[in-house]
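Here is the structure we will look at, set down as structure tokens.
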Amino acid sequence: ALRNKGIQPLLDAVVDYLPAPAELPPVAGTDPKTGERVEFERSRQAPFAGLAFKVQLWDGRKHTYLRIYSGSLGSSDTVYNSSKGKDEKIARLLKLHADKKERIQRAFAGDIVGVVGLKLATTGDTLCTRQRPVLFEKMEFTQPVISIAVEPKSSRDEQKLADTLQKMMEEDPTFSVTQDPETGQTILSGMGELHLEIICDRLQREFNIPINVGKPQAVYRETFKGSAEVTEVFDRTFEDGGAAKQLYAAVTLAGEPGPRGSGIVFRNAFEPPEDAPQPDPSFFQVIEQSVREASGSGPQTGYPMADLLITLKSIDWREGQTTAQALHIATATAFQKLCEKAGTTPLLPIMAVEVVTPDEFTGSVIGDLNARGGKVEGIEKRPLRTVVRAMVPVTRMFGYSTDLRSLTEGRATFTMQFSKFDVL
């Protein structure tokens, strides 16, 4: 490509052997309101529909990369962001070529363009028209598994750092920023050491913010050790404008560990008799939302809880006294007591590691992975190479790149991706 050699035959082969865009079937999505399947022809005459697949800061402005599946898009059009349920105004349309951009007036089905002016759009959002709304399949992003603490070397850069990190989160859905409530430190979380090293390098080189960086730490989860059932009654009298106001709610929750990777599963098992008064349907929504909020911080590590099965066994309410606030307090307290009764244990990120090594170093690589607490799950022979696949706790993989080079004279390579949270 650098010397323009071999590019022409490659492009000729693309034209000769790959299917033409016109031969593709209609692009399919779902209706945001009904959930029914809807299809769009891949033509300029069809209603507009596209997918925002990347967000990037360019010259200090937010640029959204958009693939147009059907219809056309003008440089001053208003589009409907069906993922957010809001209208957005296009300010500019750009034709992108490497690090150059050219302003254009209209783009059509099959084009990939840059869009300036979209304030709400994030990676994975669907853009369309209000008259023909559609939601394309959402992108799934892996959870962060490693975190580091950062702070600006000068207090004058604190706000600049916060603003820059916010913009970088918009660019990268696998990157997150939180504030430690106890120490006040800014915590960056990402997919691995290299991921966070690049972010820290960009902060200093691209945005000119000198920072101090802490050591990497694993991002944990918590889950139940066993099963338990708790009933919590909330019955209080408050002063409201000089008058006494009674609030009441009683909730019974059962909890148990769920399968690995199941997340928080909430199940409503409460069925009052048909001849008895029926609770407001909104009560169940409030209880489920309260459970999910309470599970956002585990009692042992402070990290979010995961792989829980929470069952609502029963609720007791009183007309005029049971409010969303009363249900929320009763549920949050019940969940806290459920954690104490069932007990909790930390879950560590487990990484799927694949090492490609020359045959003579296979034994050394396997021995090193075992020493790191890893579990070798497969070995594949290739010409002059061996592929070793293993599951290893992320905390034992810090600095592995350097160690692997030393172990194999720099001749082995590895890839690593998050697999699951599990007990060590």
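When region 58-84 is filtered for residues that are more than 20 Å from Asp99 (Cβ to Cβ) and among the polar types (S, T, N, Q), the ones remaining, listed by number, are Ser70, Ser72, Ser75, Ser76, Thr78, Asn81, Ser82, Ser83. The single residue among Asp125, Asp163 that is touching a Lys or Arg at 6+ places or on another chain (Cβ under 7 Å) and not aliphatic (A, V, I, L, M) turns out to be Asp125. Checking Thr322, Thr301, Thr311 one by one, the residue that is under 29 Å from the mean Cα position of the chain (by Cα), of a type in the set (Val, Ile, Thr), at pLDDT below 95 and on the phi < 0 side of the Ramachandran plot is Thr301 and no other. Count of region 196-237 residues, restricted to those that are part of a helix (DSSP H, G or I) and touching a residue at least 24 places away in the same chain (Cβ under 8 Å), is 5. Name the single residue that is surrounded by the fewest Cβ atoms within 10 Å (Cβ to Cβ) among those in region 22-72 being over 29 Å from the mean Cα position of the chain (by Cα) and closer than 14 Å to Arg132 by Cβ. Per the stated criteria, the residue is Gln45. Note on region 146-171: residues that are in contact (Cβ under 8 Å) with a residue 12 or more places away in the chain and farther than 25 Å from Leu347 by Cα total 14. Residues considered: Thr357, Thr345. Of these, the only one that is hydroxyl-bearing (Ser, Thr, Tyr), part of a strand (DSSP E or B) and crowded, with 19+ Cβ neighbours inside 10 Å is Thr357. Filtering region 121-159 to residues that are in a strand (DSSP E or B), within 30 Å of Ile90 (Cβ to Cβ) and not hydrophobic (A, V, I, L, M, F, W, C) leaves only Thr126.
Scanning region 73-87 for residues that are crowded, with 18+ Cβ neighbours inside 10 Å and either in contact (Cβ under 8 Å) with a residue 60 or more places away in the chain or in a loop (DSSP other than H, G, I, E, B) (or both) turns up Ser75, Ser82, Ser83. Taking the options Gly50, Gly110, name whichever one is assigned to a loop (DSSP other than H, G, I, E, B), in the same structural domain as Glu23 (by the TED database) and small (Gly, Ala, Ser). That would be Gly110, the only listed residue that is assigned to a loop (DSSP other than H, G, I, E, B), in the same structural domain as Glu23 (by the TED database) and small (Gly, Ala, Ser). Listed by position, the strands (runs of 3 or more DSSP E) contained in region 243-333 that have at least 3 residues being touching a residue at least 40 places away in the same chain (Cβ under 8 Å), crowded, with 18+ Cβ neighbours inside 10 Å and of a type in the set (Gly, Ala, Ser) are 243-257. Taking the conditions (1) within 28 Å of the chain's Cα centre (by Cα); (2) farther than 15 Å from Thr415 by Cα in turn, Met391 satisfies each one other than (2).
The values are calculated or read from the model by the stated rules, or taken from the named source; none is laboratory data. Computed from a predicted structure; not experimentally measured. For neighbour counting, all protein chains shown are included, and Cβ atoms are generated from backbone atoms with ideal geometry for every residue, glycine included.
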